[in-house]
Amino acid sequence: MTKKKPENSALNVQKGIEQPSQVNPALSGGLEKFRKQKPSVEEYAESILKGDRTMLSRAITLIESVRPEDKTTGRELINKCLPHSGKSVRIGITGIPGAGKSTFIEAFGIYLIEQGHKVAVLAIDPTSQRSKGSILGDKTRMESLSAHPHAFIRPSATSGTLGGVARATREAVILCEAAGFDMIIIETVGVGQSETAVAQIVDFFLLLMIAGAGDELQGIKRGIMEMADLVVINKADGDNLKKAELARKEYENALHLFPPLPSGWTSKVLTASALYAKGLDEILEVIRQYVDLARQNGWFEKNRQGQSLKILHDAITIAQSLSDSFYHNPEIKKLIPKTEKQIIAGKQSPYEAAQILLEKYFEIIKGR
Ligand code: GDP
């Protein structure tokens, strides 16, 4: 017990005299504390709703995180932002490497901003680590767009499965919309499975192609062509102009052979030059026509609702089959009663225990 000091002692802090604050928090180790301090859900939400891009970026990092405590905060944040989301047009852009996606997105993004929009660019590319950051990985891409205060560019999450990256991207869309971005562009490379994931997020699908690159469909799978609401033949400039026009006609003919889109929309083919910012107005016009039609016939809402429900049921199926496999694993079966005892005895947190068990399970699976 400490001895009570006499009230008139000079060692007592006088009432009404406040302790001065530490000028340099580093002196008391406070800087470290300050750095580690994470914003609360309310702080995140408030800043995002004000359009704070730094906090938006931090929030996306949060939702990409696999740490259990971040997941809880992330989930709460998404719930807070959901009522403020949805008021954008979500545009998927795909095309093979070299088709001109980043040049196009930069030019189109700037054009959209000039038309009064706020543009967010996200990416789905779970392969980017392998392909040395082919997509949005390299910071020199889209320099002038990224510097614009009405733009927000976020590289693809590079770790995790396609499902994980797609989920983070979908949640990033919600956060960007809450931050006031009304045109969301989601970029992906048109060679993998990621287009199907993008199709589950976007309202409008734009396929960027180039003329005369050998194979008529340039390795773009028929399925991707079928999903396209708009095909843009890029690099329609200089010597390439005629070839691009020819390709436009060819694609127009090819698209006629595809089954009609459920939206009631007839796919269009346009030419453009991302490098010289040509044809961008027509592209925006087509997107506007599509949105008008889809809003009028109810497809816009129906499609978004269908996307959400599909995600719900996919997630349940994955969770269910994962937990079946987990609980039927013989080694895990042995570990569970031991873990339960530890938890009952108050020796381990249930969250931590669950994490350890899951890690153990994945180790077993990997080692098979
Ligand atoms: P990505 O891999 O699809 O993102 O393609 P990039 O945007 O990096 O473009 C690949 C190359 O094509 C670059 O050298 C660009 O300068 C060039 N490029 C892109 N768009 C155009 C265009 O409209 N016209 C011409 N002539 N070149 C272009």
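Read-outs: derived from the displayed coordinates by stated rules, not from any lab. On a predicted model such as this, the values are computed, not experimentally measured, just so you know. Using ideal geometry, Cβ is built from the backbone for each residue, glycine included, and neighbour counts are taken over all protein chains shown.
Please work out whether the range 29-125 counts as rounded, prolate or oblate from its C-alpha gyration tensor, where a ≥ b ≥ c are the square roots of the eigenvalues and a/c under 1.5 means rounded, while otherwise a/b larger than b/c means prolate and anything else oblate?
prolate
What are the aspartates and glutamates whose alpha-carbon lies under 19 Å from the alpha-carbon of residue 334, with same-chain residues fewer than 8 places away excluded?
Those aspartates and glutamates meeting the cut-off are 324, 352, 359, 363.
With label points built 7 Å along Cα→Cβ from the Cα atoms of residue 318 and residue 144, find their separation and express it in nm.
In this crude label model, residue 318 to residue 144 measures out at 3.9 nm.
In whole Hz, what ³J(HN,Hα) sequence does the range 268-277 give by Karplus (6.51, -1.76, 1.60; θ = phi - 60°), x for Gly and Pro?
Going residue by residue, I get 10, 10, 10, 10, 7, 10, 5, 5, 9, 6 Hz, with x marking Gly and Pro.
Based on other C-beta atoms within 10 Å, arrange 323, 47, 156 from fewest to most.
Least crowded to most crowded, the residues run 323, 47, 156.
What are the residues whose amide H is under 5 Å from the amide H of residue 95, where those residues sit 5 or more places off or on another chain and H is modelled from the backbone?
Amide H to amide H, under 5 Å and 5 or more residues apart or across chains, residue 95 pairs with 188, 190, 208.
Under the rule of at least 5 residues apart or a separate chain, name every residue whose amide H is placed under 5 Å from the amide H of residue 152.
Residues meeting the criterion, in which the H sits 1.01 Å from N, are 119, 120, 121.
If you take every residue apart from residue 108 with its C-beta less than 12 Å away from the C-beta of residue 108, what net charge results, scoring Lys and Arg +1 and Asp and Glu -1?
Cβ neighbours under 12 Å give a net charge of -3.
Past 20 Å, Cα to Cα, is the threshold; run 87/235; 333/366; 333/360; 38/347 against it and keep the listed order.
Table pairs above 20 Å Cα-Cα are 87/235; 38/347.
If Rh is defined by the Kirkwood formula over all Cα pairs and Rg also comes from Cα, what ratio Rg/Rh do you get for the range 293-352?
My calculation of the ratio gives 1.37.
Provide, for q = 0.31 Å⁻¹, the log10 of I(q)/I(0) from a solvent-free Debye sum over equal Cα point scatterers in the range 253-294.
Log10 of I(q)/I(0), two decimals: -1.04.
Of the trypsin sites (Lys or Arg not before Pro) in the range 64-106, which ones lie in a loop per DSSP and count no more than 14 other C-beta atoms within 10 Å?
87
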